[in-house]
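Visitor: First, the structure itself, so that you have it in front of you.
The values are calculated or read from the model by the stated rules, or taken from the named source; none is laboratory data. As the structure is a computational prediction, the values presented were derived from the model and not from experiment. Here the Cβ is made from the backbone with ideal geometry for all residues, glycine too, and neighbour counts use every protein chain on show. In case anyone asks, the SASA skips ligands and DNA or RNA and just uses the protein heavy atoms, side chains included. Shrake-Rupley method; radii C 1.70, N 1.55, O 1.52, S 1.80 Å.
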Amino acid sequence: MAEKIQSIRGMHDILPEQSGLWQYFENTIRDTVQSYAYREIRMPIVESTDLFCRSIGEVTDIVEKEMYTFDDRNGDSLTLRPEGTASCVRAGIQHGLLHNQQQRLWYMGPMFRHERPQKGRYRQFHQIGVETFGIAGPDIDAELILLTARMWKRLGLQDIRLELNTLGSNEARSRYRDVLVNYLTEYKDQLDEDSLRRLETNPLRILDSKNPELQAIIEAAPKLMDYLDDESKLHFEQLQAMLKNVGIEFTINTRLVRGLDYYCKTVFEWVTDQLGAQGTVCAGGRYDGLVAQLGGRETPAAGFAMGIERLLSLLEDQGVKAAGDPDVYLVLQGEQAQIQGMQLAESMRDQWPELKLQVNCGGGSFKSQMKKADKSGALIGLILGESEIDQGIIAVKHLREKLDQQTVKQAEIISVLQKLLNT
Ligand code: ATP
Ligand code: MG
């Protein structure tokens with residue numbers, strides 16, 4: 001036998017038994033973003049490497065060590081997208097969607113990062129991203145948070161809490177940076193390798209360190225909140241007031257700095273305790289400088305991304321099920337039934353497009369067809385044999401309930417099924 005080929009480590013097939021839950025999730029998300037009048041944008045999965053270096057920041061985990069980068073056959077350096085914001089901004093600039101207008105956009109799809117695979121952390125994973133452009137005030141920050149809160153509500157997800165912080169203006173952040181570097185330099189001998197490197201390049205990221213030995217030092221560090229500029233302070237206060245007004249609970253986490261360089265002012269994360277270390281299911285914030293950084297004009301912007309795998313595993317843990325089982329399984333007895341059954345099934349689908357109808361294919365005895373019907377998960381079995389054909393009827397069998405079999409006229413089967421399936 002030839003050697004079997006396996007999928008790439010950290011990249012998973014989504015199997016038929018799981019895809020029902022994915023579709024339920026995606027449909028719910030789609031309905032929710034549309035109820036806020038956000039429009040979908042679809043970008044390529046591969047971009048110039050440069051795009052991510054210039055946007056995400058040279059000294060971030062992603063650019064330093066997580067990107068899938070390769071030269072294509074022309075010798076151009078390309079990268080499988082590790083996130084969607086940079087591509088979305090690129091597309092917006094390229095097609096003139098951003099200048100002097102407001103945009104509310106969303107997308108969904110695979111992202112690629114070469115991380116150590118573990119529960120909730122994969123090399124191909126999927127995100128829903130939402131980005132807004134041209135709106136500078138805290139009202140849109142609040143709207144983004146309300147939109148996510150409504151997603152949890154529609155999905156029936158519980159125990160996800162909101163953490164908020166503000167990173168201030170670029171000037172405030174650079175003032176704070178100096179203060180932080182002075183403070184951390186005092187503890188230089190206790191810092192780990194990563195933090196020492198970041199002390200030179202990106203000291204704020206040290207606050208984000210997951211190393212338990214650094215927690216005490218980080219805890220006692222000066223707070224960015226105390227170095228904020230007035231405008232950012234006001235923006236943050238207004239955002240909090242808006243959220244309180246609509247009853248969204250949150251806590252302020254002054255250590256929340258986010259892994260990407262482009263954020264300013266508002267940053268937020270939705271976190272759960274139910275997924276171990278991979279507890280952040282949604283993260284976002286404001287990135288007013290990014291559009292100009294990528295060659296567009298100054299444009300205020302804010303958005304977020306959520307990790308679909310983490311949310312799905314939360315849904316599963318919380319007992320939400322969505323199988324793609326058929327409603328009805330059609331059993332066909334005899335040659336004539338095979339021919340006419342197909343016609344009947346097509347007419348049923350014409351009459352009721354939402355019906356999930358599985359037709360027995362490949363023949364088999366009555367017993368084996370009934371076994372397949374049972375295994376399919378269908379609620380109702382329909383039986384068509386020679387005598388039913390002669391009389392223009394069909395037998396209806398309840399597969400999950402102890403109810404008597406009945407026969408109905410073929411012409412009435414859809415209205416009978418609609419009653420039985422409760423729609
Ligand atoms: P983390 O701190 O967990 O590495 P991050 O800050 O790198 O997260 P973002 O770039 O903000 O994550 O991505 C937004 C969301 O996408 C995360 O909150 C998470 O839910 C999801 N996510 C990020 N990386 C992965 C991954 N490798 N596998 C699965 N989901 C991921
Ligand atoms: Mg990460």
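Visitor: Could you figure out which of (1) among the acidic types (D, E); (2) in a loop (DSSP other than H, G, I, E, B); (3) open to solvent by less than 60 Å² (accessible area, probe 1.4 Å) isn't true of E388?
Guide: The single condition E388 does not satisfy is (2).
Listed here are the residues, each with its yes/no results for (1) without any contact (Cβ under 8 Å) to a residue 60 or more places away in the chain; (2) open to solvent by 40 Å² or more (accessible area, probe 1.4 Å); (3) assigned to a helix (DSSP H, G or I).
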| site | (1), (2), (3) |
| --- | --- |
| D159 | no, yes, no |
| N165 | no, no, no |
| E171 | yes, yes, yes |
| S174 | yes, yes, yes |
| R177 | yes, yes, yes |
| L180 | yes, no, yes |
| Y183 | yes, no, yes |
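Visitor: Also: Would you confirm, using the coordinates I've provided, whether T32 is more than 16 Å from ligand 2 (Cβ to nearest atom), crowded, with 19+ Cβ neighbours inside 10 Å and in a helix (DSSP H, G or I)?
Guide: Judged against the criteria, T32 is a match.
Visitor: Going by the conditions given, is D317 within 16 Å of ligand 1 (Cβ to nearest atom), of a type outside the set (S, T, N, Q) and open to solvent by 80 Å² or more (accessible area, probe 1.4 Å)?
Guide: Answer is yes for this residue.
Visitor: Can I218 be described as surrounded by fewer than 21 Cβ atoms within 10 Å (Cβ to Cβ), among the aliphatic types (A, V, I, L, M) and over 30 Å from the mean Cα position of the chain (by Cα)? Break it down stepwise before answering.
Guide: On the way: surrounded by fewer than 21 Cβ atoms within 10 Å (Cβ to Cβ): yes; among the aliphatic types (A, V, I, L, M): yes; over 30 Å from the mean Cα position of the chain (by Cα): yes.
Spelling it out, I218 is indeed surrounded by fewer than 21 Cβ atoms within 10 Å (Cβ to Cβ), among the aliphatic types (A, V, I, L, M) and over 30 Å from the mean Cα position of the chain (by Cα).
Visitor: From the list I394, I380, exactly one residue is crowded, with 18+ Cβ neighbours inside 10 Å, touching a His at 6+ places or on another chain (Cβ under 8 Å) and among the hydrophobic types (A, V, I, L, M, F, W, C). Which is it? Walk me through how you get there before you give the answer.
Guide: Numbers: I394 fails: touching a His at 6+ places or on another chain (Cβ under 8 Å).
Answer to the selection: I380.
Visitor: Mind counting the residues in the stretch 221-251 that are surrounded by 14 or more Cβ atoms within 10 Å (Cβ to Cβ) and of a type in the set (S, T, N, Q)?
Guide: 3
Visitor: Looking at T79, T32, T85, T60, which one is more than 19 Å from L98 (Cα to Cα), in contact (Cβ under 8 Å) with a residue 40 or more places away in the chain, within 16 Å of ligand 1 (Cβ to nearest atom) and hydroxyl-bearing (S, T, Y)? It would help to see each step written out before you state the result.
Guide: On the way: T79 fails: in contact (Cβ under 8 Å) with a residue 40 or more places away in the chain; T32 fails: within 16 Å of ligand 1 (Cβ to nearest atom); T85 fails: more than 19 Å from L98 (Cα to Cα).
When all the criteria are applied, what remains is T60.
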